[in-house]
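Since the structure comes first, as structure tokens, the remarks are kept for the end.
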Amino acid sequence: MRAAHDLAYMGVRTAHKESSECYQGELFRQDRYRVAICRDGLQWLFQRQRLRFAAGGAAWDTLGYCTTRKALIRLHRSYSAPQHEKLHALPDRIEQEGRR
């Protein structure tokens, strides 16, 4: 599956809702887990995909919010989630827009 930003490049409409399958803030995913940036750009979201239902399709539940990579890795471990290689490439802290 492609990240939301890759879908936008291909002309596929992306969503602003953080629980959406095509959320525009998605950074990467591994299995049923993904990391995204919250809509305000203040923190990373650690999410798990809900089971798919015929009528509703897939949606994502946020398991935690983190501002540091260390906390995000710790959250991955607490859920025994696989760690995507891009997780370790994130900056130590999320770069918050407007705070310089």
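Brief remarks follow.
- Sum of side-chain charges, ALA58 neighbourhood, beta-carbon under 12 Å (Lys, Arg +1; Asp, Glu -1): +4
- Applying the Karplus relation 6.51 cos²θ - 1.76 cosθ + 1.60 with θ = phi - 60° to segment 33-46 yields 3J(HN,Hα) values of 10, 8, 10, 9, 9, 4, 4, 8, x, 9, 7, 8, 9, 10 Hz, where x marks Gly and Pro.
- Computed log₁₀ I(q)/I(0) - Debye formula, equal Cα scatterers, no solvent, segment 25-75, q 0.16 Å⁻¹: -0.46
- Nonlocal amide H pairs with ARG39, under 5 Å, H built at 1.01 Å: none
- For the peptides 38-49, 74-85, residues were scored by their other Cβ atoms within 10 Å and the scores averaged per peptide; the highest-first order is 38-49, 74-85.
- Each peptide in 60-69, 20-29 receives the mean, over its residues, of other Cβ atoms within 10 Å, and ordering these scores from highest gives 20-29, 60-69.
Any read-out appearing in this document is the output of simple, stated calculations on the displayed coordinates, not a laboratory observation. This one's a predicted model, so the numbers in the text were calculated from it and none came from an experiment. Virtual Cβ from ideal backbone geometry, glycine too; neighbours counted across all protein chains shown.
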